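The values are calculated or read from the model by the stated rules, or taken from the named source; none is laboratory data. In this text, all values refer to a predicted model and were calculated from it rather than measured experimentally. Backbone-built Cβ (ideal geometry, glycine too); neighbour counts: all protein chains shown.
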Amino acid sequence: MNNNLTAFLLSFLAGSSTLIGAFIILFIKNKTTKIINIALSFSSAVMFFLSIFDLIPESISFFRKELFSVPSILICFIFVVIGLKIAKLIDKNLKEPKLNDSKLYRLGLLSMITIIIHNIPEGIATFVSTRESFSFGLSLSLAIAMHNIPEGISIALPIYYSTNKKSRAIFYTLISGLSELLGAFLTYLFLLPLVNNITLGILFSLIAGIMFYISIFELLKNALDYKNPRQTIISFLVGFVFIVLYILFF
């Protein structure tokens, strides 16, 4: 199979795994605040620890291929802060529609935007890696697929619970998943000459900052609003364990 076609296929499969998280809502018969609390807390931990254990080390690793250790860490930190500011700006400018639970809808929409921003560079990385080595591209796409599942939950559940429409929740999740394929297409058409260690380092640190903001100031904050701290802590810890296992085995 052609290298480019294989790279597109792996990018698509990695991105579409986001839908697995969305399909969980198809099995929900009764909507309860308990499910929302668990899902938000779990997704918060996944985003938070994914940033700490995966995105930031990956960003520093890219920078270190071109720079020394200290400037690599400093540059990564600067772009993480910029990512936080970008997320705050997006959050501030998102309007709340008139729905049963506009706060949840806004959270789902913000999660979708964040994951789109997150998935595009992942599509770039998957496409470039697969062109260089099929085995590395395959392992990378499997790792991406694993953490895309809880990201799908973080979009689908808030959208479904606020609109009562499963089709809308799945559609929004699909859009975020397909952004990974968009990253691959953009790389093939325009970005391949521009993709290097510095640009990838910047992208991954920016995404880490954005995901920090969403995980703490949106997902976890909304989970705590349901006033069940024990359930929130347990779900958050389960998300932490999920990421540790993901790092160890993928």
Would it be correct to say that residue 179 is among the small types (Gly, Ala, Ser), in contact with a Cys (Cβ under 8 Å, 6 or more places away or on another chain) and assigned to a helix (DSSP H, G or I)?
no
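So that you can scan it fast, the table gives a plain yes or no per residue for (1) closer than 27 Å to residue 184 by Cβ; (2) in contact with a helix residue (DSSP H, G or I) (Cβ under 7 Å, 6 or more places away or on another chain); (3) not hydrophobic (A, V, I, L, M, F, W, C):
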{"residue": "10", "(1), (2), (3)": "yes, yes, no"}
{"residue": "25", "(1), (2), (3)": "no, yes, no"}
{"residue": "74", "(1), (2), (3)": "no, no, no"}
{"residue": "81", "(1), (2), (3)": "no, yes, no"}
Residue 219 - would you say it is in contact with a Pro (Cβ under 8 Å, 6 or more places away or on another chain), under 22 Å from residue 87 (Cβ atoms) and part of a helix (DSSP H, G or I)?
no
Among residues belonging to segment 99-152 that are closer than 17 Å to residue 243 by Cα and of a type in the set (S, T, N, Q), point out the one that is modelled with the lowest pLDDT.
139
Out of 209, 183, report the one residue that is modelled with pLDDT of 90 or more, under 21 Å from residue 131 (Cβ atoms) and either out of contact with any His (no Cβ under 7 Å at 6 or more places or on another chain) or crowded, with 22+ Cβ neighbours inside 10 Å (or both).
183
Any chance segment 190-203 includes a residue that's touching a residue at least 24 places away in the same chain (Cβ under 8 Å), closer than 22 Å to residue 107 by Cα and buried (at least 21 other Cβ atoms within 10 Å of the Cβ)?
no
Would you confirm, using the coordinates I've provided, whether residue 131 is assigned to a helix (DSSP H, G or I), among the charged types (D, E, K, R) and under 19 Å from the mean Cα position of the chain (by Cα)?
no
Please tell me if residue 239 is surrounded by 14 or more Cβ atoms within 10 Å (Cβ to Cβ), at pLDDT 90 or above and within 18 Å of residue 59 (Cα to Cα).
no
If you scan segment 113-128, which residues turn out to be crowded, with 24+ Cβ neighbours inside 10 Å and under 10 Å from the mean Cα position of the chain (by Cα)?
114, 115, 118, 119, 122
